[in-house]
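Q: Right, I'll just put the structure down here and ask away after.
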Amino acid sequence: MGDHLDRRREEEILEAEQQVYPPPEHITASANVSPEDYERFRQQGTEDPVSFWEDRAHEMVDWFEPWEKVLDDSNPPFYRWFVGARTNIAYNAVDRHLETWRRNKLALIWEGEPGDTRTFSYYRLCREVNRFANILKGMGVQRGDRVTIYMGRIPELVFAMLACAKIGAVHSVVYGGFSVEALAERIEDAQSRVLITADGAWLRGKIVRLKDIADEAVKRSPVVETMIVVKRTGQEVYMETGRDFWLHELQQLPIASGYCETEVMDAEDPLFILYTSGTTGKPKGVLHTHGGYQVGIATTLKWAFDIKEEDRWWCAADPGWITGHSYIVYGPLILGATSFMYEGAPNYPYPDRWWRLIEHYGITILYTAPTAIRGLMRFGDAWPNRRDLSSLRLLGTVGEPINPEAWRWYYRVIGKERCPIIDTWWQTETGNFMITPLPVTPLKPGSATFPFPGIIADVVDEEGNSCGPDEDGYLVIKHPWPAMLRTIYGDPDRYVEQYWSKFREQGWYLAGDSARKDKDGYFWIIGRIDDVIKVSGYRLGTAEVESALVSHPAVAEAAVIGVPDELKGNVIYAYCILREGAGAGPDIEEELKQHVRHEMGPIAVPARIEIVDRLPKTRSGKIMRRVLRARAMGLPEGDLSTLAD
Ligand code: PRX
């Protein structure tokens, strides 16, 4: 099972397996899915996942034309869902609400880091999306064209995504925390002729100069012909005549009218590409489609987070990651919910910013990552205790295993022991929650509990046999599901190789995680079995960081590993061999960190860089990261050494 050395997780699991938190009665009594229905759905989903998902497709969304077939599995692993159906996710997320009372309901509430606020009813949202869609059309964007979006957490990001969907263009959102090379690579791979960005983003009271990064990226990937720029931070930026346009100026033109016809799409037409890190080489463009994706995200959100009309849902992720795509943008809007979005850092200007937001806006459900929880926990109980958090009724977590200590703090101090914690396991590739409790599920701290109805998950050994209780194995999905990725953009072979080759005969999807089930059937995620590192819940590939390091003229070779960390889950350690005569200065480590920050972004910066003469390798020349990792964790250094014992 890979080279998993994180024995702390093992101890955590053994301890937490014994603890059961039954669901509170006030939740069970009114849950969207009652305990009885849950049992019924689980049974239907296990016996006949296809009919289960067909029922949901009728229930959750509208179709312009029905399907001829629910699942086409004639050419695995290239599965097709709702074959022949016509739809558009933007219709379900926006247009259809205008015909109901929700027309005047708030779709989006937003607060900027400096404290400015904006709100959008479904009617307003529709107008904004239509104007943006018309601008894109005016710029020559057509059905099937890829549009790259690179900005901070501002409402225009949501409008831009929906505008693309509306006209049948394929969006590729690049997280605003990425930098030049990461952006350039993604633009190049998607061959985007249009880039939507902003002058800057606010973060911890400072301006992140997004437009400068975009300019540099476009120099490296000159396929971009048009840049649409949102004015957010207001500092002076370079605008290239004929290429760069301010959004607010375009909005004054007659083309930016408030009405735009929604394209009728095939269920299997691409909706977006989202790049994520894999084992080797470049980031992979995970491709999702209009039809199955909308069914999956709407069902999972409505059931797992019990979304009701009167909720104020806050998914504190970034729209630049799958969590934001599915559960800030598309999922809540399809359900006609009210979503809250916040631009900045959780601890700015004070560590109670989030708790103030919950109090101020009456947030009812908060969904975030273990890193954020641990980070806020560090500041102590007084900050949240000074705020009224009584509006909360459910809490959620995602992105990496949550350690039971953080889970209990979240449960006790934030949820006041009244709010179930919905620990959702899923991936960019899966599109929607795969393993997650419903509000009626008895919880164990740190377990994502059970597969969602209609999802057939298991833990298996090398030969594909189901593992026994508390035995570690490969996490696999044994039946296709509607929101699954369809391919890797431009690289179908890699799609087959990466996810479907390990258990080719059985036709199972390999998630890339190790996991175990306990005696009660609860799933416990342990961690990645490949060269993917989860840093603060962000997914990074060792290969990407290594290539950023060797792009520095002084570096001949680099090896990167993930090492467990109390706060961030993992941090990056890098080992570099310098070029002879490269004349590296005494501050070479710091210089290399700056270089990685400039190329990849702050999240990829190694916590530690060590200059070495040699790297442990196999006879065939493959770097033995396992050895590096063991060595790094064996260091007699504070808390790290305790992790290794
Ligand atoms: O290792 C698992 C971890 O995050 C990986 C997927 O990362 P990404 O595609 O960036 O998507 C993250 C948000 C959906 C998984 O392979 N992971 C995600 N959720 C959990 C988790 N690990 C443990 N518990 C979770 N709830």
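Q: Could you size up the charge dipole of the chain around its Cα centre, putting +1 on the beta carbon of Lys and Arg and -1 on that of Asp and Glu, and report it in debye to the nearest 20?
A: Charge dipole of the chain: 1220 debye, to the nearest 20.
Q: Next question, about the same structure. Hey, got the dipole for region 251-387? About the Cα centre, +1 on K and R Cβ, -1 on D and E Cβ, debye to the nearest 20?
A: The calculated dipole for region 251-387 is roughly 760 debye.
Q: Give me the orientation-averaged projected area of the Cα convex hull of region 46-145, in nm², one decimal.
A: That works out to 10.4 nm².
Q: Post the alpha-carbon centroid distance, region 53-120 to region 438-511, in whole angstrom.
A: 25 Å
Q: Which value, to two decimals, describes the C-alpha radius of gyration of the chain once divided by 2.2 N^0.38 Å?
A: Dividing the Cα Rg of the chain by 2.2 N^0.38 Å gives 0.92.
Q: Going toward the positive end of the dipole of the chain, with +1 on Lys and Arg Cβ and -1 on Asp and Glu Cβ, which of Leu183, Leu376, Tyr361 do you reach last?
A: Tyr361
Q: List the pairs from Lys211/Lys284; Lys502/Lys568; Lys517/Lys568; Lys534/Lys593 whose alpha-carbon separation is above 21 Å, in the order I gave them.
A: As for pairs spanning more than 21 Å Cα to Cα, those are Lys211/Lys284; Lys502/Lys568; Lys517/Lys568.
Q: At 222 nm, what value in deg cm²/dmol follows for the chain if DSSP H runs of at least 4 each add -39500 (n - 2.57) and the sum is divided by all its residues, to the nearest 500?
A: Values: 21 runs with 194 residues, N = 645.
Counting only the DSSP helices, I get -8500 deg cm²/dmol.
Q: So what are the ³J(HN,Hα) numbers for region 101-108, from phi and the Karplus equation (6.51, -1.76, 1.60; θ = phi - 60°), rounded to whole Hz, Gly and Pro as x?
A: Once θ is set to phi - 60°, the couplings for region 101-108 become 5, 5, 2, 9, 7, 6, 8, 9 Hz.
Q: Using label points projected 7 Å from each Cα along Cα→Cβ, tell me how many nm separate Asn32 and Ala382, to one decimal.
A: 4.0 nm
Q: Now for a different question. Using the Karplus curve 6.51 cos²θ - 1.76 cosθ + 1.60 with θ = phi - 60°, work out ³J(HN,Hα) for each residue of region 325-341 in order, rounded to whole Hz, and write x for Gly and Pro.
A: Whole-Hz 3J(HN,Hα) from phi for region 325-341: 4, 7, 10, 9, 8, 6, x, x, 5, 4, 7, x, 8, 9, 10, 10, 9.
Q: For Val147, what residues show an amide H to amide H distance below 5 Å, using hydrogens built from the backbone and excluding near sequence neighbours?
A: Hits under the 5 Å cutoff: Val170, His171, Ser172.
Q: Now, a different point. If the label point is 7 Å along Cα→Cβ of Ser391, which residues in region 317-344 have backbone nitrogen under 19 Å from it?
A: Counting only backbone N, you get 317, 328-329, 332-333, 336-344.
Q: What fraction of the DSSP beta bridges in the chain is antiparallel, stated in percent and rounded to the nearest 5?
A: Working: 55 of 95 bridges.
Among the beta bridges of the chain, antiparallel pairing accounts for roughly 60 percent.
Q: Now a separate question. May I ask for the distance between the Cα centers of region 298-366 and region 416-432, given as a whole number of Å?
A: 13 Å
Q: Roughly what % of DSSP beta bridges within region 150-231 run antiparallel, to the nearest 5?
A: Close to 35 percent.
Q: List the residues, sorted by chain then number, that are 5 or more residues from Met341 or on another chain and whose placed amide H is less than 5 Å from its amide H.
A: Ile109, Trp110, Glu111
Q: Determine ³J(HN,Hα), in whole Hz, for all residues of region 412-419 in sequence, where each value follows from phi through the Karplus function 6.51 cos²θ - 1.76 cosθ + 1.60 and θ = phi - 60°; x replaces Gly and Pro.
A: So the J values, rounded to whole Hz, are 7, 7, 8, x, 6, 6, 10, 10.
Laboratory data are not the source of any read-out in this text; all were calculated from the coordinates shown. All figures in this text were calculated on a predicted structure; none of them were measured in a lab. All Cβ positions, glycine included, derive from the backbone under ideal geometry; neighbour counts span all protein chains shown.
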